Amino acid sequence: MNTAPPWATARFGLRLIDDNAGTGAHRLSGLVQPGLRRNPRRAHLLVSTVLGKHIAVSPAIVRDAADRLGDTVAALGAGEADVLGMAETATGLGHCVADRLDAAVYLHSTRRQAPSRQIYAEFQEGHSHATDHLLQPAGPAVFTQQRPLVIVDDEISTGTTALATIEALHRRHPRSRYIIASLVDVRTAADKALAEHTARALGTSIDFVSLASGAVSIPDALTEQVCALPAPTLNPIDPDSQGDCRTVELTWPPDVPDGGRHGFLRTDAPAFSSAVAGAAAQLAAMLDPGRPLLVVGHEELMYLPLRIAELLTERGFIARFQSTTRSPAYVVDGPGYPLRTGFEFAPGESGETGLRYLYNGWPGVPGTTRVQLVVVMDSTAAPGAGELTAVLAAAGYDVVLAVVAGPGFDVLTTARTAS
């Protein structure tokens, strides 16, 4: 068995420290791997092995982790709850947890700019590459009930973003109970004391649950050392196998949300499931079931692509799932390092700035033909997808850009007000 430390540990001393509460996949080191990013706010990155963000995984792995997290929340006895997922990384995870809990309402924060009249609340994530979070529930009663609120994130490093979220929401609409649910929790004793102080100051209850916990040992000079690294080599090209690109407009009902950006109600689920089944059938007719398939979501749009990947797997496809990101992680082909390959491209949305990224991808199954890759985007981002599909085709993927035209804020608001 290879016991050599991961590249980020061997090179810089960045280490994960498991607690003694779990074993195997339930331990911190089973759920995340140490990665790096060239970010002066925070240079380390905990790369999830189960989230389907930076690493392509079977959709069943994503669903299983979310189900286990949902069961952990349910064990607290919160009863019926609303669920909030944190953009961009935990939007799909949060929606899956909402599924498991049969939540009345699911909403995720967004970093997509919107008119001020659409913003219900906003807060910031200090260490992130993109710091602003907006909440935009569509409809007067979507997010104003007295139910407990479950806030889902992929990791809790200090808890300050979750507490900022609670403070912003509590000012707008107080609730008696909040539950912070994450795959991993690496807070210090001081961080936990701050959470207790915040709960007392707000006069509410705040619980934290996770699948695994522990600590991250970060060398003092890590940020300076990582920021001084040479720029990574991105956008690999396969000189022998250029892929092709196709675009398909997915059939989608005009009044069914394509995700949780503007709120997803329990009553939306049947129509959504029917629409996803139709979209998966539409894609299956275009794809080769004998070839490996990678389904890629676009930033916050993670749940819909995950559901498509699940249904295509049920149809016999060998499929994996992941999504693009705004985060400029550091790529190096080092032993035990989780970010081996990177793609860099322009943002899809008009007026957006900053580059976007996809990490690793999927080389496919040994002995089979090259991978089919479906990128799922909404109609706001898809017009600017040309650079993304071009760099993926240059790397040897056969690319299908699948565009879904889900309803926007105004359409959903009108529909929910009328009902």
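Points to keep in mind about this one:
- Ligands, DNA and RNA excluded, the heavy atoms of Glu310 present near 40 Å² of accessible surface to a 1.4 Å solvent probe.
- The range 85-156 - percent relative contact order, Cα under 8 Å, separation 6 or more: 37
- In order along the range 34-42, the Karplus-derived 3J(HN,Hα) couplings, from 6.51 cos²θ - 1.76 cosθ + 1.60 at θ = phi - 60°, round to x, x, 10, 9, 8, 10, x, 6, 7 Hz, and Gly and Pro are given as x.
- Between the listed residues Ala390, Trp362, Gln113, the Cα displaced farthest toward the positive end of the dipole of the chain, a dipole computed from Cβ unit charges relative to the Cα centre, is found at Gln113.
- Choice from Gly79, Gly361, Gly52 showing the highest fluctuation, given a GNM over the chain with Cα pairs closer than 10 Å: Gly79
- Average accessible surface area per residue within the range 65-204, 1.4 Å rolling probe, Å²: 36
- Solvent exposure of the range 250-310 as accessible area per residue, Å², 1.4 Å probe: 30
- Computed 3J(HN,Hα) for the range 278-295, one whole-Hz value per residue from the Karplus formula 6.51 cos²θ - 1.76 cosθ + 1.60 where θ = phi - 60°, is x, 5, 5, 5, 4, 6, 4, 5, 9, 9, 9, x, x, 10, x, 9, 10, 9, glycine and proline marked x.
- Accessible surface of the chain, 1.4 Å probe, proportion on carbon and sulfur as whole %: 52
- For q = 0.11, 0.13, 0.15 Å⁻¹, Debye-computed log10 I/I(0) when each Cα of the chain counts as one equal scatterer: -0.81, -1.16, -1.56
- Binned Cα-Cα distance frequencies in the range 52-198 - 10 Å width, integer %: 11, 42, 38, 9, 0
- Distant-in-sequence amide H partners of Ile179 (H built 1.01 Å from N, under 5 Å): Leu149, Val150, Ile151, Asp207
- Expressed as a fraction of 2.2 N^0.38 Å, the value expected for a compact globular protein of N residues, the C-alpha radius of gyration of the range 150-235 is 1.37.
- Scanning residues 5 or more positions from Asp185 or on other chains, those with amide H under 5 Å from its amide H are Ile156, Ala212, Ser213, Gly214, with H placed 1.01 Å from N in the peptide plane.
- Here the range 356-386 and the range 265-311 have alpha carbon centers that stand 14 Å from each other.
- Choice from His95, His54, His170 with maximal GNM fluctuation in the chain (Cα, 10 Å cutoff): His170
- Counting Cα-Cα pairs of the range 241-319 in 5 Å increments starting at 0 gives whole-percent bin shares of 3, 14, 25, 25, 18, 10, 5, 2, 0, 0.
- Placed amide H near Val374: partners under 5 Å, 5+ positions off or other chain: Leu294, Val295, Val296, Val400
- Cα-based Rg / Dmax (Å) for the range 190-335: 21.8, 64
- Taking every alpha-carbon pair under 8 Å whose residues sit at least 6 apart, the chain reaches a relative contact order of 21 percent.
- Our summary gives the range 299-419 a relative contact order of 20 percent, counting only alpha carbon pairs under 8 angstrom and 6 or more residues apart.
- A 1.4 Å probe over all protein chains sorts Lys192, Lys53 by accessible area into Lys192, Lys53, starting with the largest.
- Loop-located GluC sites (Glu not before Pro) across the range 313-419 with a Cβ neighbour count of 13 or fewer within 10 Å are lacking, with loop assigned by DSSP.
- Of Phe321, Phe12, the order by accessible heavy-atom surface (1.4 Å probe, DNA, RNA and ligands excluded), from most exposed downward, is Phe12, Phe321.
- Cβ charges +1 (Lys, Arg) and -1 (Asp, Glu), total dipole of the chain, debye: 500
The values are calculated or read from the model by the stated rules, or taken from the named source; none is laboratory data. Values in this document were obtained by computation on a predicted structure and should not be read as measured data. Positions of Cβ are backbone-derived with ideal geometry, glycine not excepted, and every protein chain shown enters the neighbour counts. The area values use the complete protein model at the heavy-atom level, side chains included, leaving out ligands, DNA and RNA. Shrake-Rupley method; radii C 1.70, N 1.55, O 1.52, S 1.80 Å.
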